[in-house]
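Working notes, structure below.
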Amino acid sequence: MDASANAGLLRRLEELERSNRRLKILAVVVLLGLGGIGVMGQARPPAQIVEAQEFIVKDANGNVRARLGSYTAGASLTLYHDAGRATLMASAGRGPGAHLSLADGSGKIKGLLLLSQEAAGLYLSSVDATGPPRSPRAVFEVLNQGTGGFAFYDKSGHTRALVGSIGDDGAAVAVLQDREGKTVWKAP
C-alpha cells in the first residue's frame, strides 16, 4: 500500500470513530431521558416523619418568629414578635396539665391560662400575671373539688373583690374588701 492510500484509510477511520462517539453520547442522553421520564412517572412515596429536638422558624430577615421544642421540663411552642420577644407561649410539663402565656412587648406575662389535675385558671394583670398577686390582677379559677370563682386584687396584692363558691360546702359568696383587707360588704 502506498502512502496516499494509508492517509485515506486513516482519515476514514477517524471519521468512523467520531461518528461512533456521537452515537454513544446520543445513546447515553436518550437513556438518561427515558430514565428521568420513568422516575417522574412514579408515585410519590408516603410522607416521611421529620424528627428533631427543636424546630425554629425564621422570617426573611433571619429573625426567629417561632420555636417548637422538647426540653427537660416538657415541651413548648413559643411565638415571637418583630423585636424578638416572646409573645405567646404554650407549654406542657412532665405531669398532666398545660399552660398558655401571653406577654407584652417587654416580655412580661400579662395573661396566663393554666390547666392541671387540681385546677383550671385564667389570670390577667396589667403588670405581671405570674406568681402570687403582687399587682392588680383578675383571677378566675375552678378547683376540682368544686370550689372556684372570680377574685380581683389591688396593686399591693390584696383581695378587693371575690365572687364564687369558695367554701367546702359549695355555698356561694360575694365579698368586697377595703384597702386594709376589712370586709365592707358580703353576701350572704
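Quick notes on this structure:
- Each of Lys58, Lys182 was scored by other Cβ atoms within 10 Å of its Cβ. Listed from fewest to most, they are Lys182, Lys58.
- Theoretical ellipticity at 222 nm over the chain - DSSP helices of four or more residues, -39500 (n - 2.57) apiece, nearest 500: -7500 deg cm²/dmol
- As a proxy for reagent exposure, ranking Arg179, Arg160 by other Cβ atoms within 10 Å from fewest up yields Arg179, Arg160.
- Footprinting exposure proxy for Thr72, Thr130, Thr147 (fewest neighbouring C-beta atoms within 10 Å first): Thr72, Thr130, Thr147
- The stretch 19-75, relative contact order [Cα under 8 Å, separation at least 6], %: 19 percent
- Close amide-amide hydrogen proximity is noted between Arg160 and Phe152, Tyr153, Asp154, each under 5 Å apart and 5 or more residues distant or on a separate chain (H modeled in the peptide plane; Pro and chain starts excluded).
- For the stretch 147-157, 3J(HN,Hα) per residue [Karplus equation, 6.51 cos²θ - 1.76 cosθ + 1.60, θ = phi - 60°, Hz, x = Gly/Pro]: 7, x, x, 9, 9, 10, 10, 8, 5, 8, x
- Amide H contacts of Arg85 (H built 1.01 Å from N, under 5 Å, at least 5 apart or other chain): none
- Using C-alpha pairs under 8 Å with a sequence gap of at least 6, the mean separation divided by the residue count of the chain gives a relative contact order of 7 percent.
- Histogrammed with a bin width of 5 Å, the alpha carbon distances of the stretch 104-188 distribute as 3, 15, 22, 22, 20, 12, 5, 1, 0 percent, first bin at zero.
- Net +/- balance of residues flanking Glu15 in space, Cβ distance below 12 Å, scoring K and R +1, D and E -1: +3
- Length gained on full extension, Arg21 to Ala73: 12.1 nm, using 0.36 nm per residue less the C-alpha separation.
- Across the stretch 123-134, rounded Karplus estimates of 3J(HN,Hα) from the backbone phi angles (6.51 cos²θ - 1.76 cosθ + 1.60, θ = phi - 60°) give 10, 10, 8, 7, 10, 7, 9, 9, x, x, x, 10 Hz, Gly and Pro being marked x.
- Coupling constants for the stretch 173-188 follow from the phi torsions by the Karplus curve (6.51 cos²θ - 1.76 cosθ + 1.60, θ = phi - 60°), and in residue order they are 8, 9, 9, 10, 10, 8, 4, 8, x, 7, 6, 9, 7, 8, 9, x Hz; glycine and proline get x.
No value in this document is a laboratory result; all are computed from the given coordinates. Source: prediction; values computed, not measured. As a convention, Cβ positions derive from the backbone with ideal geometry for all residues, glycine included, and neighbour counts pool all protein chains shown.
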